[in-house]
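To keep things clear, I will list the structure first and then write my remarks on it.
The values are calculated or read from the model by the stated rules, or taken from the named source; none is laboratory data. As the structure is a prediction and not an experimental result, all values here were calculated from the model. Cβ: placed from backbone, ideal geometry, glycine included. Neighbour counts: every protein chain shown.
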Amino acid sequence: MKRVAITGLGVITPLGNSVETFISALERKENASIYMPGWEKYKGLHCLVGAPARLEDEKLIPRQNRRSMGRLSIFAVQAAQQALKDASLPQEALSNNRLGCVIGSTMGSAESIAEAFEILIPDNDLSQLPSTKFFQCVSHTAALNVGQFLGITGTVMATNAACASGLQAIGAGYDLIRTGQQDIMLCGGAEGLHPTVVGSFDVLFATSTKFNQNPKATPRPFDAKRDGLVCGEGAGIVVLEDYDLAKKRNAKIYAEIISYSSFGNGSHVSESNRQAIASCINETLIRAKISPKEVDYINAHATATIQGDKEEAAAIAKIFGDQIPVSSLKGNIGHTLGASGAIELIASLMMMEKNRVYPTLNLEDPDKECRGINHVMQPLSKKINILLKNCFAFGGINVSLACKKSA
Amino acid sequence: MTEQEVIKLTNEVFVDSFEIEKSKLLPQANIFVDLGLDSLDVVDLVVALQKKFGVTIRDDERVRSIRTLGDLQQFILTIKKEIGK
């Protein structure tokens, strides 16, 4: 099996549209949650807080590429461009079928889907629908658009698994390179913020509803006062490369992916399950051939839901006890859904580079059911050689990925 | 509807929906070669024109022979006259 290196990073986040601006904002402990004007018109929507990204420079994408892109695809393309530039790949790398992309999102562009139905439903009139709206709405819209825009002729795939989309994409790319099917993969996830998406969590009582007048105080992962998630948006894309080829061209290597696993919990469509989470994390450790104490940092999924946070904390406590620093970045950027695994992995790789763990923002008093693990509540200087990234999605889809600093 | 109104509203569609500079919108401009529209754009052009002018043109055979902006504007004018507007 080939080894796999991460050689390029690109992000669009609620705290900045580049890795540099995003990380600077994390270092300043910024929170992107704001009261979303206009959401109050949705009857029955209780959460009025979101963490939007800024859509900018979209017209730099030529119209005939941009016409098939909803909001999340624009984010994905911009992040992919950044990652490619960061990786400094040779020009010819894009022009053969050994370079592919795997990009996921929860769904097609929510905004475009809403627009399409707003056009269609009043008179059941299909004739008013623009053709390009369809390409914005399909579930594989991010992969479709990145693939077309960059002229990718390698494997183009979409991993659409809600909050696990981005990390599953990276895992899929890892497997394609490991097995020798591809040499370079652009992988990650994207999502667009829209009240209908928030609404789907809202009806499940999973959103934060008590902080509409004080948005900066939410979300609160692991905290005793947490009351649910805040939806964000953006994109995270990494360049994965055959490790030996990366070394040969003297590429900058952020880290090596040393294992990945994804398992279902087979028990409930929306509830997390600590045994299933622990089982997934354990398998990741086994595949990496490392013991729990060799992990230096865990970037948690922890979205600030009552149920999810405590299940993840229990699983981490069971395997790692309180020895390994744990933090969730959702206190800063909310839950960027399909993009979250990729954006948060990228932040974790920067923590690895800087030997610094960013804390869980808004975590002031760990809930009693989330204790027993080493919560990072202030910035921590620590050498990170091996990190673990977790993501858990609706449908009981659990994903865990381990990276090791490259020598 | 006057010819001037048809020209103005057609141009608005090309500027707003296809981001084409107004200076390129000459009657002799070929929609595909000069204005750069492709087959996917034509589908959306039809939708946009239908909405702009309140007409149905999608299934009209005459659409197929349109090549220039001038052809399109004359076609719209004809349709509007046919429906008495």
Residues to consider are A:LYS289, A:LYS310, A:LYS330; find the one that is over 18 Å from A:TYR260 (Cβ atoms) and surrounded by fewer than 22 Cβ atoms within 10 Å (Cβ to Cβ).
A:LYS310
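Looking only at the range B:44-59, how many residues end up being assigned to a helix (DSSP H, G or I), more than 10 Å from chain A (Cβ to nearest Cβ) and either of a type outside the set (A, V, I, L, M, F, W, C) or surrounded by fewer than 18 Cβ atoms within 10 Å (Cβ to Cβ) (or both)? If you could, list the steps in order and put the result at the bottom.
Residues of the range B:44-59 that are assigned to a helix (DSSP H, G or I), as a first pass: B:44-53.
Okay, now just the ones that are also more than 10 Å from chain A (Cβ to nearest Cβ), so B:49, B:52-53.
So of that shortlist, the ones also either of a type outside the set (A, V, I, L, M, F, W, C) or surrounded by fewer than 18 Cβ atoms within 10 Å (Cβ to Cβ) (or both) come out as B:52.
The total comes to 1.
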Any residue in the range A:41-65 that is within 14 Å of A:ALA235 (Cβ to Cβ) and within 14 Å of chain B (Cβ to nearest Cβ) sitting within a Cβ distance under 9 Å of a residue that is in a loop (DSSP other than H, G, I, E, B) and not basic (Lys, Arg)? List the pairs, counting only those 6 or more apart or interchain.
A:GLU58/A:MET69; A:ILE61/A:MET69
I need the full set of residues from the range A:352-365 which are surrounded by fewer than 20 Cβ atoms within 10 Å (Cβ to Cβ) and closer than 29 Å to A:PRO215 by Cα, in order please.
A:ARG356, A:GLU364, A:ASP365
Test A:GLY166 against the stated conditions and say whether it is crowded, with 22+ Cβ neighbours inside 10 Å, small (Gly, Ala, Ser) and either farther than 30 Å from B:VAL55 by Cα or more than 14 Å from every other protein chain (Cβ to nearest Cβ) (or both).
yes
Quick one: which of A:GLU58, A:GLU30 is under 30 Å from A:GLN182 (Cβ atoms) and charged (D, E, K, R)?
A:GLU58
Residue by residue through the range A:211-263, note down the ones that are under 20 Å from the mean Cα position of the chain (by Cα), among the aromatic types (Phe, Trp, Tyr) and not in a strand (DSSP E or B).
A:PHE222, A:TYR254
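With the range A:310-407 as the region, which strands (runs of 3 or more DSSP E) entirely inside it contain at least 2 residues that are among the polar types (S, T, N, Q) and closer than 26 Å to A:ALA172 by Cβ?
Numbers: elements: A:325-327, A:386-393, A:397-404.
Here the list reads A:397-404.
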Matching residues, the range B:4-44, being touching a helix residue (DSSP H, G or I) at 6+ places or on another chain (Cβ under 7 Å), closer than 14 Å to A:PRO130 by Cβ and not acidic (Asp, Glu):
B:VAL13, B:SER17, B:PHE18, B:LEU37, B:LEU40, B:VAL43
Quick test of your reading of the structure: A:MET185 fulfils all but one of (1) in a strand (DSSP E or B); (2) closer than 23 Å to A:LEU329 by Cα; (3) touching a Leu at 6+ places or on another chain (Cβ under 8 Å). Name the failing condition by number.
(2)
Subset of the range A:65-81, residues of a type in the set (S, T, N, Q) and either surrounded by 20 or more Cβ atoms within 10 Å (Cβ to Cβ) or assigned to a loop (DSSP other than H, G, I, E, B) (or both), comes to A:SER68, A:SER73, A:GLN78
The lone condition A:GLY147 fails out of (1) over 22 Å from the mean Cα position of the chain (by Cα); (2) among the small types (Gly, Ala, Ser); (3) away from chain B (no Cβ under 14 Å) is (1)
Restricting to the range A:99-137, name every residue that is in a loop (DSSP other than H, G, I, E, B), away from every other protein chain (no Cβ under 14 Å), farther than 16 Å from A:HIS194 by Cα and of a type in the set (A, V, I, L, M).
A:ILE121
Are any residues in the range A:338-354 aliphatic (A, V, I, L, M) and touching a Lys or Arg at 6+ places or on another chain (Cβ under 7 Å), and if so, which ones?
A:LEU345, A:MET352
Quick test for you: out of A:LEU26, A:LEU99, A:LEU72, pick the one residue that is closer than 25 Å to A:ILE170 by Cα, out of contact with any Gly (no Cβ under 6 Å at 6 or more places or on another chain) and not small (Gly, Ala, Ser).
A:LEU26
The range A:120-133 residues that are under 12 Å from B:GLN50 (Cβ atoms), paired with ones that are assigned to a loop (DSSP other than H, G, I, E, B) (beta carbon under 7 Å, 6 or more apart):
A:SER127/B:ARG58
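Answer yes or no as to whether B:GLN28 is free of Cβ contacts under 8 Å to residues at least 60 places away in the same chain, surrounded by fewer than 16 Cβ atoms within 10 Å (Cβ to Cβ), not hydroxyl-bearing (Ser, Thr, Tyr) and not in a helix (DSSP H, G or I). Show your work before the answer.
Numbers: free of Cβ contacts under 8 Å to residues at least 60 places away in the same chain: yes; surrounded by fewer than 16 Cβ atoms within 10 Å (Cβ to Cβ): yes; not hydroxyl-bearing (Ser, Thr, Tyr): yes; not in a helix (DSSP H, G or I): yes.
Against the criterion (free of Cβ contacts under 8 Å to residues at least 60 places away in the same chain, surrounded by fewer than 16 Cβ atoms within 10 Å (Cβ to Cβ), not hydroxyl-bearing (Ser, Thr, Tyr) and not in a helix (DSSP H, G or I)), B:GLN28 qualifies.
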Could you please give the count of residues in the range B:2-25 that are within 14 Å of chain A (Cβ to nearest Cβ) and either surrounded by 11 or more Cβ atoms within 10 Å (Cβ to Cβ) or of a type in the set (Val, Ile, Thr) (or both)?
9
Members of the range A:240-290 found to be under 23 Å from A:ALA315 (Cβ atoms) and basic (Lys, Arg), listed by number:
A:ARG274, A:ARG287, A:LYS289
Which number in (1) farther than 18 Å from A:SER406 by Cα; (2) at pLDDT 95 or above marks the one condition that A:ARG274 misses?
(2)
